[in-house]
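Here the structure is laid out as structure tokens; the discussion comes afterwards.
The values are calculated or read from the model by the stated rules, or taken from the named source; none is laboratory data. Quick caveat, the model's predicted, so the values are computed rather than measured. Glycine gets a Cβ as well: all are built from the backbone with ideal geometry, and neighbour counts include every protein chain shown.
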Amino acid sequence: MRIESVEQLRKLEKKYRGETESHPVRVHICYGPGCLANGAQEIGDRFRKVIKEKKLKNFKVEAIKETGCHGFCERGPLVVLEPEGTFYTKVKVKDVEAIVEKSLGKSEIIESLLYTNPADDKKIQRYKDIPFYAHQKRIALRNLGQIDQTSLHDYIAAGGYQGLAKALTAMNPNKVIKEVELSGIRGRGGGGFATGRKWATCAKIESDVRYVVCNGDEGDPGAFMDRAIMEGDPHTVLEGMIICAYAVGSTQGYVYVRDEYPLAVVHLQKAIEDAEAVGLIGENILGTGFSFHIAISRGAGAFVCGESSALMRSVAGEVGEPRAKYIRSVVKGLKDKPTVLNNVETFACIPVILSEGGKAFSKIGTPKSTGTKAFSLVGKIENTGLIEVPMGTTLREIIYNIGGGIKDGKPFKAVQTGGPSGGCLPESKLDLPVDFDTLTEAGSMMGSGGMIVMDDATCVVDVARYFLSFLVEESCGKCVPCREGLYQLHQSAVRICEGKGTDDDLEIMQHLSDMIVIGSLCGLGTSGPNPFLSTIRYFRDEYEAHIKEKKCPAGVCTALITYIITDRCTGCLACIPACATDAITGKKGQVHQLAQDKCDRCGACYAVCKYDAIEIH
Amino acid sequence: MNHDFSKLPEIFDRYSRNPESLIAVLQDIQQEYHYLPCEALQETAKNLSVPLSKVFSVSTFYNAFSLTPRGKKIIRICKGTACHIRGAYQLQHQFETMLGIKAGETSKDLKYTLEVVNCVGACAMAPVVIVDEKYHGSVDVSNVKRLIKRG
Amino acid sequence: MIKFTINGKLVQADQGDMLLTVIRREGIDVPSQCHHQAVEPSGACRLCMVEITRQEWDGWSKFVTSCLYPVEDGLMVTTHSAKVIQLRKTIIDLYLARHPNSTEIMRLASEYGVTRTTYETVADGDDCIMCGLCTRICAHMGFSAISTVGRGHDKEIAPPLKEAPTDCTGCLSCANNCPTNFIEFTRDSNSLTIWGRTFETLACSQCGKTTITRDFAEHLSKTRDIPIAYFEVCDDCHRKETAKTMGRVVNWTREVQA
């Protein structure tokens, strides 16, 4: 069935919403990456089976929804009972029968599955009352956890494609651009370029063909916002793209999805097919005469393809080598045609900007960084997960109010934002508001939204080495400063981590970094030295400890540490088979011995010891 | 190694036969044979009208492609930042020692391939190891043996 | 006409000209390793970087590769500012660590006063500086017989599958344009070997000197509609032939005019 008009879309919205609301209880099972890995699929299957067996009177199987990432990955697998919002955490397959019997059959709440607030040890029933959620504001992630992840039916019921309908029928392309400009939204991929201005430039350039490309090459390690959106709410990305296409006058779009996200490809493909079937993508959209097609382009594993010119070459089936961008891609992009390239999260915000108005969006956040921003909050933090907050929220609010502080109550050391191009900020910067400009001034950057929290057991020199090694592997190898310069920078970092660094090293690294920044061809190179530059700025003493005292204060750099078995050892034998180099010997009940000459400091014994008997020196 | 290449025309037919389809076609071939056999590269060049040198260049540039046969069981260790600071390196070391191969290598008996991969976006359950297609979260070195055996 | 300054001197250029072209036309020596007039600039070696600014930039300046930067009205270009020289030195320094035995790199290093590398010498560094000129010229010639392989620090130039390239004709454009003379080829009395493949060479029907390979001749013959016999005469003998013809043309013109 094709949706021929906006009126028909509105009627469908009402009808579909009515259908959803007719279920007195809906079971939302989180099928986000974290929950899936912890068995969400098995839980879903079990629910269907148990419901069939129990023959509940007022519960239909259709009321079970497989939703996108609900956010609180730390507590997954998550099962939410809507519309009440009852939030069951760490659900296991064996819990399903009880949930069906008690919560679905008799509206009882299973206390043991509820979240316990660590502040007062009290159970919290509804997720909205949990601090992790209470401090958030969701725009890009608005449908995650709320609708069945690939259901067009659910997306329409949630007001989906209304922004597009408004654009196509009540606004001309220019007005759409004006609305986006009014919202003040800046590119969520990290660059922070004004989206409205980008669209306006593209629309103005004379050309027979223009392209709209969605950058789903979420390459920053530690970031999974875009993955969650593409998998959990693919239609919002498509709707944002169609609106953009209408505004700039494009008839063909591409979603570029990185190779590591196969499920995103599947869900986007289904969403495109479903939207095509009802005439929301393709010829004569909503009977307005406007046509736009979307194809998926799969990446093949290259971080550099997140860079616009490399991405466009990759879409064209070529090696992802960037080109010098003295002519911008909005002028000469994909196949040398004017191209709008926006990130997944940016497109996900567009439908809301259109339906609620640009002005409403601009009131959220700060004057120069409007709206909200999604972050993946990971690392040594209590509440890992996916969050969205108004721009201008401080790092401290994010890490402590939402994130619940550092894991196991350890001291905070640094927070890394912006991926390999970003940097590490210390305790003294925690009260900075998170927006595009403030983080850049502090020597890091917002980036696409990965936020990795580190405790005192994280060595920042090792982190710098890690990012440099990542960049050396991901450099395309075209220009000399990046190919040879980052390689040498990494070599120096390795030497320092191995205790072979000299005082000269830091000076040489500083100079080389400055040259790589001005000399490299693309963003990967020009921001490549950031892992070093930001850590040397705030953690110079830690570098000096490695160089002068040959010590790794965090106990991470293997060449500078030794493992010692203390007399807390109970002689449990657990560490002996764990040791891959047979360095540990001992008898049951007696303190074990560790032969330092055989030990390769892999940390396996440390990880398996239940008695904290092994120390790092 | 002998392969049945009769599937290739069907793969080419999924896309328009032009240079733009190169990456997509190579991905499908990789999916089918778990690596890119020489003959398949030559056929791809012919069918998409792309110089063989470009096919080779693309297939060696991107991480997703392998030009050598891979093992029956593919173990991938995520090296994202969250996984790194939660001990992915130690895991890699343990896998390498136990399997006797380095990351990026395949065991001689073609049983195992060990790979480190860029962030797979499952950071909340770091460190992550993916055995074939199954994700394993919060892995520590003591789980390595079990993962190698059972996956 | 575009007007701008290079090192303070006012110069003119056509729209679409690249800075490097104009800089060199002005007789200013700016080094580059990956540039060749015949092929599109790539911006890989970064040696030709210059500092640019504009009146309205208020003292702010930026660094661009002059081979890729189109001329603009009012631009102020500095080809040898302190920072630019520092950058070139660093690039040469990095080259020196990777290609310690290359005479071309050593020449460049001595020109810029870099006596030894600051960095760790790369163990297996050969003379290929990965400028990619050979692959671009090969594609430009219409062969695409070789390409870059892999990526990053390990990137190299090779024929497909690292086997003798089927698309190569032995035209030698790659070897003759390699800035560090790294691409090896050997000649025999009637053959030529490059990239592991041996080609039959043609001999001049008049003096017996080797001309080009049969594959290359056949390619030219097919694509440019030149009879293959043309390549069976060497350049010197062609010139002798031309001299005779030219003589006739000149006489003929005189006759007509008279």
Checklist entry - What's the number of the condition C:Thr118 fails, among (1) outside the structural domain of C:Arg25 (by TED's automatic domain parsing); (2) under 23 Å from the mean Cα position of the chain (by Cα)? => result (2)
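Restricting attention to the range A:344-364, which residues are in contact with a Ser or Thr (Cβ under 7 Å, 6 or more places away or on another chain) and crowded, with 24+ Cβ neighbours inside 10 Å?
Step one: list which residues in the range A:344-364 are in contact with a Ser or Thr (Cβ under 7 Å, 6 or more places away or on another chain), which gives A:346, A:348, A:351, A:353, A:358, A:361-362, A:364.
Of everything in the range A:344-364, those that are in contact with a Ser or Thr (Cβ under 7 Å, 6 or more places away or on another chain) and crowded, with 24+ Cβ neighbours inside 10 Å turn out to be A:Thr346, A:Ala348, A:Pro351, A:Ile353, A:Phe361.
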Next on the checklist: Step by step: first the residues of the range A:485-509, then only those that are of a type in the set (A, V, I, L, M, F, W, C) and more than 11 Å from chain C (Cβ to nearest Cβ), then the one that is surrounded by the fewest Cβ atoms within 10 Å (Cβ to Cβ). Which residue is that?
Outcome noted: A:Leu506
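Quick test for you: out of A:Ser475, A:Ser534, A:Ser513, pick the one residue that is closer than 19 Å to C:Asp154 by Cβ and small (Gly, Ala, Ser). Even if it seems obvious, please write down each step before you answer.
Values: A:Ser534 fails: closer than 19 Å to C:Asp154 by Cβ; A:Ser513 fails: closer than 19 Å to C:Asp154 by Cβ.
Going through A:Ser475, A:Ser534, A:Ser513 in turn, just one is closer than 19 Å to C:Asp154 by Cβ and small (Gly, Ala, Ser): A:Ser475.
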Next on the checklist: Anything in the range B:43-61 that is in a loop (DSSP other than H, G, I, E, B) and more than 11 Å from chain A (Cβ to nearest Cβ)? List them, or say none.
Outcome noted: B:Ser49, B:Pro51
Checklist outcome for this item: Flagged in the range B:131-146 as more than 9 Å from chain A (Cβ to nearest Cβ) and under 21 Å from B:Phe65 (Cβ atoms), in numbering order, are B:Val131, B:Asp132
Next on the checklist: Looking at A:Glu397, A:Glu388, A:Glu345, can you tell me which residue is in a strand (DSSP E or B), more than 23 Å from B:Ser138 (Cβ to Cβ), charged (D, E, K, R) and not assigned by TED's automatic domain parsing to the domain that holds A:Arg540?
Outcome noted: A:Glu388
Checklist outcome for this item: By residue number, the members of the range A:406-428 that are within 25 Å of A:Asp541 (Cα to Cα) and not in a strand (DSSP E or B) are A:Lys407, A:Gly409, A:Lys410, A:Pro411, A:Gly418, A:Gly419, A:Pro420, A:Ser421, A:Gly422, A:Glu427, A:Ser428
Checklist outcome for this item: Inside the range C:104-119, the number of residues satisfying the requirement of being exposed (fewer than 13 other Cβ atoms within 10 Å of the Cβ) and either touching a residue at least 12 places away in the same chain (Cβ under 8 Å) or touching a strand residue (DSSP E or B) at 6+ places or on another chain (Cβ under 7 Å) (or both) is 3
Checklist entry - farther than 18 Å from C:Thr148 by Cβ and among the hydroxyl-bearing types (Ser, Thr, Tyr) - does that describe any residue in the range A:473-488? => result no
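Considering only residues that are touching a residue at least 60 places away in the same chain (Cβ under 8 Å) and assigned to a loop (DSSP other than H, G, I, E, B), which ones fall in the range C:183-224? Steps first, answer last, please.
Pass one, the range C:183-224, residues touching a residue at least 60 places away in the same chain (Cβ under 8 Å): C:219, C:223.
The answer is none; no residue qualifies.
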Next on the checklist: Need the failing condition index for C:Asp73 against (1) under 27 Å from C:Ser110 (Cα atoms); (2) part of a loop (DSSP other than H, G, I, E, B), just the number.
Outcome noted: (1)
Next on the checklist: Please determine whether any residue of the range A:391-411 is surrounded by fewer than 20 Cβ atoms within 10 Å (Cβ to Cβ), in contact (Cβ under 8 Å) with a residue 12 or more places away in the chain and among the hydroxyl-bearing types (Ser, Thr, Tyr).
Outcome noted: yes
Next on the checklist: Can you confirm whether B:Ala64 is within 19 Å of C:Gly150 (Cα to Cα), among the small types (Gly, Ala, Ser), facing chain A (nearest Cβ under 8 Å) and part of a loop (DSSP other than H, G, I, E, B)?
Outcome noted: yes
Checklist entry - Applying the selection to the range A:582-609, what residues are surrounded by 14 or more Cβ atoms within 10 Å (Cβ to Cβ), within 41 Å of the chain's Cα centre (by Cα), over 21 Å from B:Arg86 (Cβ atoms) and not aliphatic (A, V, I, L, M)? => result A:Cys599
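So which residues in the range A:173-232 are assigned to a helix (DSSP H, G or I) and in contact with a Pro (Cβ under 6 Å, 6 or more places away or on another chain)? Break it down stepwise before answering.
Applying the first criterion (assigned to a helix (DSSP H, G or I)) to the range A:173-232 yields A:173-183, A:195-204, A:225-232.
Answer for the range A:173-232, where residues must be assigned to a helix (DSSP H, G or I) and in contact with a Pro (Cβ under 6 Å, 6 or more places away or on another chain): just A:Cys202.
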Checklist outcome for this item: Apart from one, (1) of a type outside the set (Val, Ile, Thr); (2) modelled with pLDDT of 95 or more; (3) out of contact with any Leu (no Cβ under 9 Å at 6 or more places or on another chain); (4) assigned to a loop (DSSP other than H, G, I, E, B) all hold for C:Leu10; the odd one out is (4)
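Does A:Val340 satisfy the condition of being part of a strand (DSSP E or B) and outside the structural domain of A:Tyr161 (by TED's automatic domain parsing)?
Working: part of a strand (DSSP E or B): yes; outside the structural domain of A:Tyr161 (by TED's automatic domain parsing): no.
No: the conditions fail for A:Val340.
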Checklist entry - Being crowded, with 24+ Cβ neighbours inside 10 Å, more than 8 Å from every other protein chain (Cβ to nearest Cβ) and assigned to a loop (DSSP other than H, G, I, E, B), is that true of even one residue in the range B:89-112? => result no
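Let's see how each residue does on (1) within 14 Å of chain B (Cβ to nearest Cβ); (2) surrounded by fewer than 18 Cβ atoms within 10 Å (Cβ to Cβ); (3) in a loop (DSSP other than H, G, I, E, B):
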position	(1), (2), (3)
A:Glu276	no, yes, no
A:Ala295	yes, yes, no
A:Cys305	yes, no, no
A:Met312	yes, no, no
A:Val319	yes, no, yes
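Just for the range B:113-125: of the residues that are modelled with pLDDT under 90 and over 18 Å from A:Pro420 (Cα atoms), which one is farthest from the other protein chains (Cβ to nearest Cβ)? Can you show your working first?
Of all residues in the range B:113-125, those modelled with pLDDT under 90 come to B:117-125.
When the remaining residues are screened for being over 18 Å from A:Pro420 (Cα atoms), the result is B:124-125.
On the way: B:Ala124: 3, B:Met125: 5 Å.
The extreme case among them is B:Met125.
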Next on the checklist: Quick check on my filter: what residues within the range B:126-148 are in a helix (DSSP H, G or I) and either in contact with a Lys or Arg (Cβ under 9 Å, 6 or more places away or on another chain) or at pLDDT 85 or above (or both)?
Outcome noted: B:Asn143, B:Val144, B:Lys145, B:Arg146, B:Leu147, B:Ile148
Next on the checklist: Take the conditions within 30 Å of A:Ser475 (Cβ to Cβ), crowded, with 20+ Cβ neighbours inside 10 Å and out of contact with any His (no Cβ under 8 Å at 6 or more places or on another chain) and apply them to B:Gly121. Does it pass?
Outcome noted: yes
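Please find, within the range C:128-159, the residue that is farthest from the chain's Cα centre (by Cα) out of those that are small (Gly, Ala, Ser) and more than 7 Å from every other protein chain (Cβ to nearest Cβ).
In the first step, residues of the range C:128-159 are kept if they are small (Gly, Ala, Ser); the result is C:132, C:139, C:142, C:144-145, C:147, C:150, C:152, C:158.
Adding the requirement that they be more than 7 Å from every other protein chain (Cβ to nearest Cβ) leaves C:132, C:139, C:142, C:158.
Values: C:Gly132: 9, C:Ala139: 13, C:Gly142: 16, C:Ala158: 18 Å.
If we take residues in the range C:128-159 being small (Gly, Ala, Ser) and more than 7 Å from every other protein chain (Cβ to nearest Cβ), then C:Ala158 is farthest from the chain's Cα centre (by Cα).
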Checklist outcome for this item: Of the residues in the range A:495-542, those that are more than 30 Å from A:Arg323 (Cα to Cα), at pLDDT 95 or above and of a type in the set (Val, Ile, Thr) come to A:Ile496, A:Ile536
Item to check | Residue in the range C:108-124 that is at pLDDT 95 or above, within 18 Å of C:Ala44 (Cα to Cα), touching a His at 6+ places or on another chain (Cβ under 8 Å) and in a helix (DSSP H, G or I) present | outcome: no
Checklist outcome for this item: The number of residues in the range C:64-108 that are of a type in the set (Asp, Glu), within 11 Å of chain A (Cβ to nearest Cβ) and more than 30 Å from C:Met1 (Cα to Cα) is 1
Item to check | Residue list for the range B:1-33, restricted to those being at the interface with chain A (Cβ under 10 Å from one of its Cβ atoms) and small (Gly, Ala, Ser) | outcome: B:Ser21, B:Ala24
